[in-house]
1. Name the residue from B:L61, B:L111, B:Q89 whose Cα lies farthest towards the positive end of the charge dipole of the range B:55-180, charges +1 on Cβ of Lys and Arg and -1 on Cβ of Asp and Glu.
2. Give the average, rounded to an integer, of partner chain Cβ atoms located within 10 angstrom of each Cβ in B:151-161.
3. Please compute the length gained on full extension between A:E159 and A:T216, using 0.36 nm multiplied by the number of residues separating them and subtracting their Cα-Cα distance.
4. Counting alpha carbon pairs within less than 8 Å and at least 6 residues apart, what relative contact order, in whole percent, applies to the range B:55-180?
5. Quick check on packing: order B:47-54, A:33-40 by the mean number of other C-beta atoms within 10 Å, highest mean leading.
6. Taking a quarter of the surface of the Cα convex hull of the range B:92-155, what do you get in nm²?
7. Shielding of B:50-58 by partners, i.e. mean partner chain Cβ atoms within 10 Å per residue?
8. If we sort A:47-56, B:131-140, A:137-146 on the protection proxy, mean other Cβ atoms within 10 Å, highest first, what's the order?
Amino acid sequence: MTHAWVIAHKDLGLLSLVISDVPGLEVWNRHTQRWFPIERSYSKPAGSLLVGRQLERLSNGRYRAGHHMVRSYPDSTSALSQLNMHQSSQFHKTPQYCRYSVVFALRAHSPVSVDTDNLTTAITGQFDKPVIGITAQELFTEIKNSHFNINTGMQERNEQRRKLAEKSDGSSTQGMKLRTASGPPLPDRHCWNVTGAFKYRREIISVVTLIAIVATIAVALSLPSLLSLWPSPFRGGSMSEIKVDIPKLEEGFLLGTDNT
Amino acid sequence: MASIGPAQMQAHAQREQEMIPAHALVPLRVIDLPRVIPCHHFCISDQGWTTVTFDMPTDHLYISSKALLQASRAFFELSTDYKQTFQTQHGSMEGWNCIKGEKEFITLRSLDCTPRILKDAASAYWAEAGGFLNELLGRIAESLDLPSSAMTVYSKPCIELGSEECATLLRIFRYEGSQEDQSKIVAEGTFERHLNFASFPMTSVNDSRMGYSTQRLRLA
């Protein structure tokens, strides 16, 4: 089992194909709410396909963009390394193990115009974020400007994060020439229902943990008095002592509850 | 490529239909996807990722990827001075980049800016991967009840590594290994304006089960 602080990311384009010599790619399973080490699941050479944000937009969310990240595992010995590289002698001679990965990112050809009216079917439904009269390049820019680039240096990345956080506090304009959807608002299929839970996950975990601790203490403290209710040769103290103890326990429990 | 019979397709289509709640949207059309086995189809739309299964051992996509991985290793072994000649004003969008302590990578967008040591392997792989994803995108369009050209119009101009730069790119990474006992993140994520994912402690379990099985659990 491994632990990490994680923020997921999605690719910007249409489709990405990832082929690696050593496992490292992990994808977010939205049903189990866990990272799935997809490359570690391969028992024979395989690639991983990721849906990007452009396709998500062009399919009106019927194809969700896939959250993923890359993890460096401490155990460098890898079945996938042998599977995808076979006689990679130079690799094995390298003192510090490295992971090599090839990512083919298919993106919409820049000059092609985008019109979601032409992509609307009974299956896509009415587009939540219709796009009309812009080029694929402009759509890409709009998507790109909403995210920081993970392939820049750490300092620049943090600066991008800060600016985007500032923007997020302001209005969530769609920008560009994105047409406002007519009619009643549709359910947001792009919305991941778990977002709220993710956002407050730490707080939720803290509260639940605190409640569990307080409950445990309360039970532990009340155990002698509970035992005293039973006729037992192991029970110590008198009834008068018990009467004194009970209010103390209640007070302590209430204080703990207030603190949460 | 993994081939399946009509009966299998039909059975899988029926299973997918059964998995979709009654209140859900109109289901996607069931289309045969190249190099994606039927039980992995649903994952593409539902999760945004899936496994690409090679037709071993003769799959040209696999063979060309293997050659490119070999060539990449040779490239990254070259001196930093040489690799720096492939740095461009476009930053991470094109050319060689290095993020110390994390990774180095080269982004290829045109043949002219591709190091000689990578040219042949990159061209071959680009043709295979570009052709594959272009075909896949066409099938995805069909699953939405669109003609394949509705989507491939965006991808077709990019399926060859040419002399002119295009939106599509090929990025080759060398990630630094972890020297610590625990794993570390070497490609963290994006901050999303409309999807405010906060940092949270996450546990990943080395689970040998494929993520796909969870769909069935959810809908069971």
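1. The residue sitting farthest along the positive end of the dipole is B:Q89.
2. Per-residue shielding by partner chains comes out at 5.
3. Gain on extension, A:E159 to A:T216, equals 16.1 nm.
4. So the answer I get is 29 percent.
5. In descending order of packing, they fall as B:47-54, A:33-40.
6. Seen from a random direction, the Cα hull of the range B:92-155 projects 5.8 nm² on average.
7. That works out to 5 on average.
8. In descending order of packing, they fall as A:47-56, B:131-140, A:137-146.
Quick note: the coordinates plus some simple rules give every number you see, no bench work behind them. Here the structure is a predicted model, which means the values were calculated and not measured. So basically every Cβ, Gly included, is an ideal-geometry build from the backbone, and we count neighbours across all protein chains shown.
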